[in-house]
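For reference, the structure is listed below as structure tokens.
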Amino acid sequence: MRIEPLTVVSTFAFLLTSAIAPVHAADDVQSVLFTNVKVFDGVNDELKTQDVLVTGNLISQVSDEPLAVIASTNMTVIDGGGRTLMPGLIESHVHLNLQHMVGGYGTMEDRDWQEIGAMAAFTAQSLLLDGYTTVRDVGALQSGIRRAVDRGDAIGPRIYNAGAVISQTSGHGDWRLRGFNTLESRYTHKAAQLGLAYIVDGYDATLSAARQNLANGASLNKMMLSGGVFSSKDGLHTIQGTEEEVKAVVRASKDWGTYATAHVNNPSDIQRGVRWGLGEIMHGQFLDEETARIMSDAGVFYNPQLSVSSLEAIERTFGPGESVNKSKSLKVAEGMARIPDIVVKFPKLMEKMTFGVDTVTVTPANAIRNRDHEIWFWADKFGNLQTLKSMTSIGGKLAALTTKHNPYPAGPLGVIEEGAYADILLVEGNPLEDITVIGGSKELFDAPDRKAGDSETIDLIMKDGVIYKNTLN
Ligand SMILES: [Zn+2]
């Protein structure tokens with residue numbers, strides 16, 4: 001559906017002539033016309049006074065001229081009251097099943113699938129109600145919640161999911177408790193049973209794991225290629241994944257029309273992963289300039305986590321005293337603190353840098369605190385435009401790295417342009433000048449408790465042409 005600018009179609013009488021025939025041809029499709037808004041398109045450092053027409057689940061028209069209001073039962077007109085209209089936010093690093101696994105991954109053995117699934121559905125709903133219309137789940141989520149959300153049976157964002165994390169024995173995805181000390185337990189512990197983590201070694205088994213994820217409907221594959229904090233068997237120095245294992249996952253993914261990504265920290269491991277065909281590097285907590293240059297030249301995406309690197313954060317997370325995970329966390333924090341100064345030297349890499357908080361094992365209130373503070377931290381280090389682009393148009397480009405296997409192939413995500421998916425926010429204020437209007441919070445631990453959906457500046461949330469929050473009425 002297209003409608004003529006008001007300057008051309010100036011009277012209702014004119015609307016009744018044959019000039020509006022195409023409008024009525026699409027009358028069985030719902031449309032929403034946003035007027036009196038300033039548009040941030042997800043890319044440019046400016047707000048434009050435009051009207052935006054949504055037809056069905058796509059943006060059908062973006063006009064510099066006011067659009068005519070068509071008298072139709074199938075059209076809703078929303079007067080934005082001068083608010084900013086912008087793309088829905090994209091969170092490119094969530095773990096819906098793990099975010100609220102309070103007590104750690106070990107507690108998985110004491111939970112059944114219903115509890116884990118219910119918490120994941122809760123997390124998905126929370127994200128949508130805070131304005132995140134697309135999330136990428138990079139590990140430990142099969143596709144059932146996405147199917148339920150896409151059918152409209154559950155409320156949540158669009159979900160790109162990596163399925164089970166693929167880890168070598170003893171790697172960052174080997175979450176078995178110490179009692180599970182047989183080789184067979186790799187296949188029988190809870191994470192394996194639920195399809196949250198595949199522990200595999202060698203080309204053939206790794207290829208099968210990647211293909212099993214794709215068979216289960218995963219949109220991409222994710223490997224563990226370095227040690228990490230929340231796993232007990234692997235030091236941060238450990239190099240994980242052989243060339244043939246990485247190439248197995250890359251090959252299975254590319255052959256299906258998608259890509260492979262990896263949890264990876266150390267420069268040598270990042271460089272190997274880029275050389276062997278990964279489409280993206282996540283974390284990169286010990287990034288150095290040489291490695292950033294290699295990533296930039298290769299054109300891979302980069303998904304760093306930056307904010308929770310303070311000593312206070314670590315003390316609060318791990319409590320008093322010494323522990324293995326705490327000392328790992330301190331080392332990671334030192335590396336994280338250096339990342340912003342390195343990446344700003346590589347503008348091409350910044351254009352591939354996506355926003356993702358990677359919150360696991362925390363309460364719902366603390367997950368929101370982490371997310372809000374990460375937004376503020378990014379804006380402080382990189383400016384509002386970069387932060388917003390990473391949360392919209394660049395996140396959309398990463399989503400499009402899943403090509404023929406893309407669950408949402410009809411149009412681009414993270415932008416306000418004709419043909420894009422109608423994932424839209426109306427916010428009070430200008431996020432290019434004030435990042436708090438989309439949730440950014442300078443405070444972390446001292447931020448007041450809040451619930452998803454209670455933002456007083458995000459007034460309207462539309463996903464796929466459907467409105468999930470609207471305080472304008
Ligand atoms: Zn993660």
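Here are some notes:
- Inter-label distance for Phe445 and Asn36, nm, one decimal - labels placed 7 Å from Cα along Cα-to-Cβ: 4.6 nm
- Between Lys254 and Val466, residue separation times 0.36 nm minus the direct Cα-Cα distance comes to 73.1 nm.
- Sequence-distant lysines (8 or more away, or on other chains) whose Cα lies within less than 29 Å of Lys348: Lys38, Lys48, Lys222, Lys247, Lys254, Lys331, Lys381, Lys389, Lys397, Lys404, Lys442
- For the chain, the share of DSSP beta bridges that are antiparallel, to the nearest 5, is 45%.
- Along the axis of the charge dipole computed for the chain (Cβ charges of +1 for Lys and Arg, -1 for Asp and Glu, origin at the Cα centre), the listed residues Asn265, Ser393, Val246 are led at the positive end by Val246.
- Note, ³J(HN,Hα) from phi for segment 192-202, Karplus 6.51, -1.76, 1.60, rounded to Hz, x at Gly and Pro: 6, 4, 8, x, 9, 8, 10, 9, 9, 9, x
- The dipole here belongs to the chain: it is taken about the Cα centre, uses +1 on the Cβ of Lys and Arg and -1 on the Cβ of Asp and Glu, and is about 1100 debye.
- Nitroxide proxy distance, nm - points 7 Å out along Cα→Cβ at Asp153 and Glu417: 3.6 nm
- Amide H within-cut-off set for Gly42, under 5 Å, with H built and near neighbours excluded: Ile416
- Using C-alpha pairs below 8 Å separated by at least 6 residues, the relative contact order for the chain is 18 percent.
- Separation between Cα centres of segment 96-157 and segment 234-255, rounded to whole Å: 26 Å
- Between helix 203-215 and the chain: long-axis angle, C-alpha atoms, 0 to 90°, nearest 10: 30 degrees
- With all protein chains in place and a 1.4 Å probe, the accessible surface of the chain carries 53 percent carbon and sulfur.
- Spatially, segment 296-342 and segment 368-441 are offset by 23 Å when compared through their Cα centroids.
- Looking at the chain, the accessible area is 39 square angstrom per residue; that uses a 1.4 Å probe and ignores ligands, DNA and RNA.
- The charge dipole of segment 43-145, taken about its Cα centre with unit charges on the Cβ atoms of Lys, Arg (+1), Asp and Glu (-1) only, comes to about 100 debye.
- If only the Cβ of Lys and Arg carry +1 and only the Cβ of Asp and Glu carry -1, the dipole of segment 246-290 around its Cα centre is close to 320 debye.
- When shorter helices are ignored and each DSSP H run of at least 4 residues is given -39500 (n - 2.57), the per-residue value for the chain at 222 nm works out to -9500 deg cm²/dmol.
The values are calculated or read from the model by the stated rules, or taken from the named source; none is laboratory data. Small disclaimer: the values here were computed from a predicted structure and weren't measured. Using ideal geometry, Cβ is built from the backbone for each residue, glycine included, and neighbour counts are taken over all protein chains shown. Calculation scope for accessible area: heavy atoms of the full protein, side chains included, ligands and nucleic acids excluded. Shrake-Rupley method; radii C 1.70, N 1.55, O 1.52, S 1.80 Å.
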